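To start, the structure under review is shown below, and the notes come after it.
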Amino acid sequence: NNLYILDKDMKLAGKVEKLAEDEIIYSVRFMQNRAYMVTYKQTDPLFVIDVKDPKNPKVLGKLKIPGFSNYLHPYDDTTLIGVGKDTEVNSSGGVITKGVKLSLFDVSNVSSPKEIDNYTMGGRGSESLVSQDHKAFLFDKTKNILSIPVYLTEDKGKDYGNFVFGGAYVFTVDKKDGFELKGKIDHADSKLVVSGGAWAGYNYYDRNVKRSFYI
């Protein structure tokens, strides 16, 4: 995993290479002269990279926690919201994905970022469209509204669980206390058939919530 900075003539100005070798980049957010990068294989390293000097980018700090974030969204200049999956190590040493996970990251201390809070929805097989389409993510800091569409299953060990909820979860977010679930908008006709660990039937996104708005 590498980060490259190009100048106005598209020539290489600076670089950071060999980050989290053998892992994969899942999400990146650029803000306040920094790059925040999430990689994943077994744990979720959140890298804080200083890019203020384009000729000398450098890693300032990193955080390793279970799970990963497919999407990072700024809460403010020193706080990030992550949307992804929770994970756990199974008895054979492998990693399995679990429910949809919200994380709130404090990056005010760049050398030691930390997770303020997290909230997990559903069990293995649960999904959120936010992981593939950031436009499905609704956040308004002034109104303190955070809403994401989710397709949730109940956890049944190694197997994908039965469908239990399809709709939107609505939260408030506080830098001190984290996430608070305020309500759910249910589209109960969403269904998904799973057989032998493989997806079957129609795409669950076709009938599930795709966007949230407020009026």
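Compute the relative contact order of the stretch 1-58 as a whole-number percentage, counting only Cα pairs closer than 8 Å that sit 6 or more residues apart in sequence.
Normalised by residue count, the contact order of the stretch 1-58 is 28 percent.
Would you kindly work out the equivalent ellipsoid of the stretch 67-180 from its C-alpha gyration tensor and give its semi-axes, the square roots of five times the eigenvalues, largest first in whole Å?
Computed over the stretch 67-180, the values are 25, 18, 11 Å.
Only loop residues by DSSP count here, and only those with at most 12 other Cβ atoms within 10 Å; note down the GluC sites (Glu not before Pro) in the stretch 1-75 that meet that.
Of the GluC sites (Glu not before Pro), the ones in loops of the stretch 1-75 whose Cβ has at most 12 other Cβ atoms within 10 Å are GLU17, GLU21.
So, for the chain, what is the accessible surface per residue at a probe of 1.4 Å, expressed in square angstrom?
53
Under a straight-distance cross-link criterion of Cα-Cα below 25 Å, which lysines are reachable from LYS55, leaving out those fewer than 8 residues away in the same chain?
LYS8, LYS11, LYS15, LYS18
Got a sec to turn the phi values of the stretch 33-41 into Karplus ³J(HN,Hα) couplings, 6.51 cos²θ - 1.76 cosθ + 1.60 with θ = phi - 60°, whole Hz, x for Gly and Pro?
Those phi angles translate into 6, 9, 10, 10, 10, 10, 10, 8, 8 Hz.
Please give the net charge around SER112, taking every other residue with its beta carbon less than 11 angstrom from that of SER112, where Lys and Arg add +1 and Asp and Glu add -1.
That works out to +1.
Lys and Arg at +1, Asp and Glu at -1: add these up for the other residues within a Cβ distance under 13 Å of ASP133 and post the number.
Charge balance near ASP133 sits at +2.
Identify all lysines with a Cα-Cα distance to LYS182 below 26 Å; exclude those on the same chain that are fewer than 8 residues away in sequence.
LYS85, LYS98, LYS101, LYS114, LYS135, LYS141, LYS143, LYS191, LYS210
If you bin the C-alpha pair distances of the chain every 5 Å from 0, what whole percents do you get?
Values per bin, smallest distances first: 1, 7, 14, 17, 18, 15, 12, 8, 5, 2, 0.
Restricting things to Cα coordinates, could you compute the convex hull volume per residue of the stretch 41-121 in Å³?
In the stretch 41-121, the Cα hull volume divided by residue count equals 101 Å³.
Please enumerate, by chain and number, the aspartates and glutamates with C-alpha under 17 Å from the C-alpha of LYS41, excluding those fewer than 8 residues away in the same chain.
Partners within reach: GLU21, ASP22, GLU23, ASP86, GLU88.
Using amide H atoms built in the peptide plane, which far-off residues or other-chain residues are under 5 Å from THR79 H to H?
VAL107
The values are calculated or read from the model by the stated rules, or taken from the named source; none is laboratory data. All values derive from a computational prediction rather than experimental measurement. Every residue, glycine among them, receives a Cβ derived from its backbone with ideal geometry; neighbour counts consider all protein chains shown. For the accessible areas, the whole protein counts, side chains as well, though only heavy atoms, and no ligand, DNA or RNA atoms are used. Shrake-Rupley method; radii C 1.70, N 1.55, O 1.52, S 1.80 Å.
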